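The values are calculated or read from the model by the stated rules, or taken from the named source; none is laboratory data. Remember, predicted model here, so these are calculated numbers, not experimental data. Please note: Cβ atoms are built from the backbone with ideal geometry, for glycine as well, and neighbour counts cover all protein chains shown. Calculation scope for accessible area: heavy atoms of the full protein, side chains included, ligands and nucleic acids excluded. Shrake-Rupley method; radii C 1.70, N 1.55, O 1.52, S 1.80 Å.
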Amino acid sequence: MISQNLTITDPIGLHMRPAAVFASEMGKFQCSVTIIFNDARIDAKSIINLMTACIKCGSEIVLECDGSDEEEAAKKARELINTPT
């Protein structure tokens, strides 16, 4: 399992379009992808779960990827989070 701390840099946070793009891209991986925010564990492959978490710009999250392609998923997740839309 890969676990890493990240900060949301997109000015609108992880809402609507960024959440849709993130969930869509994470859905391409076989491993589980979870975001931990405010003690909640969020399925990062679910746009609804991401949007209802209200993760705003500047929020600190923990990203966990667990499975056969976890390294690739973690790399893609970092790219998406570090590149504002």
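Among residues of the stretch 61-75 that are more than 9 Å from C31 (Cα to Cα), those with a Cβ under 8 angstrom from a residue that is assigned to a helix (DSSP H, G or I) and open to solvent by 30 Å² or more (accessible area, probe 1.4 Å), sequence gap 6+ or separate chain, pair up as L63/R78. A search for C-beta distances below 8 Å between a residue of the stretch 24-37 that is under 17 Å from A53 (Cβ atoms) and any residue that is surrounded by fewer than 16 Cβ atoms within 10 Å (Cβ to Cβ) and of a type in the set (A, V, I, L, M), counting only pairs 6+ apart in sequence or on different chains, returns I35/V62; I36/V62; F37/V62.
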